[in-house]
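Okay, structure first, notes after.
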Amino acid sequence: MFDVIKIRSDFPVLATTVYDKPLVYFDNAATTQKPEEVINAIKQAYTTYYSNIHRGVHALSDISSEKYESAREKVRSFINAGSVEEIIFTAGTTASVNLVAFSFGERYVKSGDEILISGLEHHANIVPWQMMCQRKNAHLKVIPVNDDGTLRIEEIDGLITEKTKLVSITQVSNALGVIIPVKKIIDKAHEYDIPVLVDGAQGVQHGHVDIRELDCDFYAFSGHKIYGPTGIGVLYGKKKWLEEMPPYQGGGDMVERVSFEKTTYNKLPFKFEAGTTNFVGAIGIGKALDYIESVGMEDIIKHEKELTEYASTRMKEIRGIEIYGNTKEKISIMSFLIDKVHQYDAGMILDKMGIAVRTGSHCAQPVMARFGIDGTIRASMCFYNTREEIDVLIEGIEKVKRMML
Ligand code: PLP
């Protein structure tokens, strides 16, 4: 039985106060809070078996290595990838996209080629491609956005050419919460034999991800947005690409043999994990995935859907609120503006009521430009949030209106 009160008690920070008001944490799209199990797993790693992985012959190193590799297996199973060789630990989504942009770009992209992204991307899925395009003299093309925040996917056929080398697309818009029909886009790109990277930073924590069913070529996500630690993330890549792609960084652990004349590289996935990785972070991600499984993804989806519907209904009752990304297919993100009130002013008033929302462009300036605004107020909810917290937000919005209009 899904019991939100019990779930909340797993997250110590949710019981805290801000300015003597109970914390209402609605900034989950930026980063999520951590359950005690994750915090304890990290503490246990540092206090009972901490030692560097892979290179030791001693007992502690064996334990660390085993825990790290079993975290990799947990990630594999959570997203239903075919093999642990296809699971690379990185520092986060940004690092994963940069890895592919650099390495795939080095191997496959030449002057005049094209990369296709969408108008809904986070900067992390724009700038690495721009940098690669600059290096390679390639071009970035963009799938346009409709007024309701959905993508004009019917235009993809016209945007793909024989020069398109890769499509890189977000699963969910972090700025609007709109869910993108990535499976359709993947199937369409594959009709032209073009690989697809899915930025799962806002997708993986809100629904089932089955990599083999999606059939994407790359999938990236961050630990800190899925109730795990910061500084750790995942890149899934199909083996056929990863084997061909050159390493992104050089150093320890990613090599097989090193001499001054010639270096040979380690096998997958280690070829892409140079240096001492954030192995404690990886152990933390593993624990976070265990925790999500213990709550149950079906219940998470159901509870978050109820919250979204409740928040939409309540917000639509308030005059002067403009909601951006007004579609049915969305995750629990409400991105909005209150009449002519600047989003920062609104955010500061809400903060004084203990409500943590994010204001600004949400690292998606092209999305804001598409709607002719410079930012929104974003209340992003997840499975530990409640209807009562939404009521507090609604009270807050009324207060903003009273104070500012
Ligand atoms: N992609 C999307 C859709 C995001 O929402 C974010 C973070 O907000 C990122 C990429 C970047 O994630 P990170 O900062 O964890 O690397």
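Scanning the range 165-179 for residues that are of a type in the set (A, V, I, L, M, F, W, C) and either open to solvent by less than 10 Å² (accessible area, probe 1.4 Å) or near the ligand (Cβ under 10 Å from one of its atoms) (or both) returns Leu166, Val167, Ile169, Val172, Ala175, Leu176, Val178.
When Asn52 is tested against (1) without any contact (Cβ under 8 Å) to a residue 24 or more places away in the chain; (2) open to solvent by 20 Å² or more (accessible area, probe 1.4 Å); (3) farther than 24 Å from Ile355 by Cβ, exactly one condition is not met: (1). Residues that are surrounded by fewer than 24 Cβ atoms within 10 Å (Cβ to Cβ), at pLDDT 95 or above, over 28 Å from Asp10 (Cα atoms) and not hydroxyl-bearing (Ser, Thr, Tyr): does the range 386-395 have at least one? No.
Show me the strands (runs of 3 or more DSSP E) found entirely inside the range 268-369 where at least 3 residues are open to solvent by less than 60 Å² (accessible area, probe 1.4 Å) and among the β-branched types (Val, Ile, Thr).
none
Is it true that some residue in the range 242-252 is in the same structural domain as Gly284 (by TED's automatic domain parsing) and within 16 Å of the ligand (Cβ to nearest atom)? Yes, there is a match, as at least one residue in the range 242-252 is in the same structural domain as Gly284 (by TED's automatic domain parsing) and within 16 Å of the ligand (Cβ to nearest atom).
Kindly list the number of the only condition in (1) closer than 21 Å to Gly207 by Cα; (2) part of a helix (DSSP H, G or I) that fails for Ala81. Result: Ala81 passes all but (2). Looking across the range 197-226, the residues that are more than 13 Å from the ligand (Cβ to nearest atom) and either in a loop (DSSP other than H, G, I, E, B) or among the polar types (S, T, N, Q) (or both) come down to Gly207, His208, Val209, Asp210, Asp215, Cys216, Asp217. Every condition in (1) within 16 Å of the ligand (Cβ to nearest atom); (2) touching a residue at least 60 places away in the same chain (Cβ under 8 Å); (3) touching a Leu at 6+ places or on another chain (Cβ under 9 Å) is met by Met315 except one, and the failing one is (1). I'd like to know if the range 68-79 contains one or more residues that are under 20 Å from Thr170 (Cα atoms), out of contact with any strand residue (DSSP E or B) (no Cβ under 8 Å at 6 or more places or on another chain) and more than 16 Å from the ligand (Cβ to nearest atom). Yes, the range 68-79 contains at least one residue that is under 20 Å from Thr170 (Cα atoms), out of contact with any strand residue (DSSP E or B) (no Cβ under 8 Å at 6 or more places or on another chain) and more than 16 Å from the ligand (Cβ to nearest atom).
Restricting attention to the range 227-240, the residues that are open to solvent by 40 Å² or more (accessible area, probe 1.4 Å) and away from the ligand (no atom under 16 Å from the Cβ) add up to 2. Within the range 317-360, the set of residues being closer than 21 Å to Asn146 by Cβ, at pLDDT 95 or above and of a type in the set (Lys, Arg) comprises just one member, Lys330. For the range 180-193, a residue qualifies if it is surrounded by 18 or more Cβ atoms within 10 Å (Cβ to Cβ) and under 30 Å from Asn28 (Cα atoms), and the qualifying residues are Ile180, Val182, Ile185, Ile186. Does the range 184-194 contain at least one residue that is within 20 Å of Pro128 (Cα to Cα) and modelled with pLDDT of 95 or more? Looking through the range 184-194, at least one residue is within 20 Å of Pro128 (Cα to Cα) and modelled with pLDDT of 95 or more.
Among the conditions (1) open to solvent by less than 10 Å² (accessible area, probe 1.4 Å); (2) assigned to a loop (DSSP other than H, G, I, E, B); (3) free of Cβ contacts under 8 Å to residues at least 60 places away in the same chain; (4) not small (Gly, Ala, Ser), the only one that Glu162 does not satisfy is (1).
Of all the residues in the range 364-390, those that are closer than 21 Å to Phe2 by Cα and touching a residue at least 12 places away in the same chain (Cβ under 8 Å) number 10. Picking from residues in the range 84-126 that are assigned to a helix (DSSP H, G or I) and of a type in the set (S, T, N, Q), the one that is farthest from the ligand (Cβ to nearest atom) is Ser103.
The one condition from (1) in contact with a Ser or Thr (Cβ under 7 Å, 6 or more places away or on another chain); (2) closer than 30 Å to Leu337 by Cβ that Gly233 does not meet is (2).
The values are calculated or read from the model by the stated rules, or taken from the named source; none is laboratory data. A quick note: this is a predicted structure, and the numbers were derived from the prediction, not measured. Glycine also receives a Cβ, built like all others from the backbone with ideal geometry; neighbour counts cover every protein chain displayed. Each accessible area value is taken on the protein alone, full model and side chains, heavy atoms only, with ligands, DNA and RNA left out. Shrake-Rupley method; radii C 1.70, N 1.55, O 1.52, S 1.80 Å.
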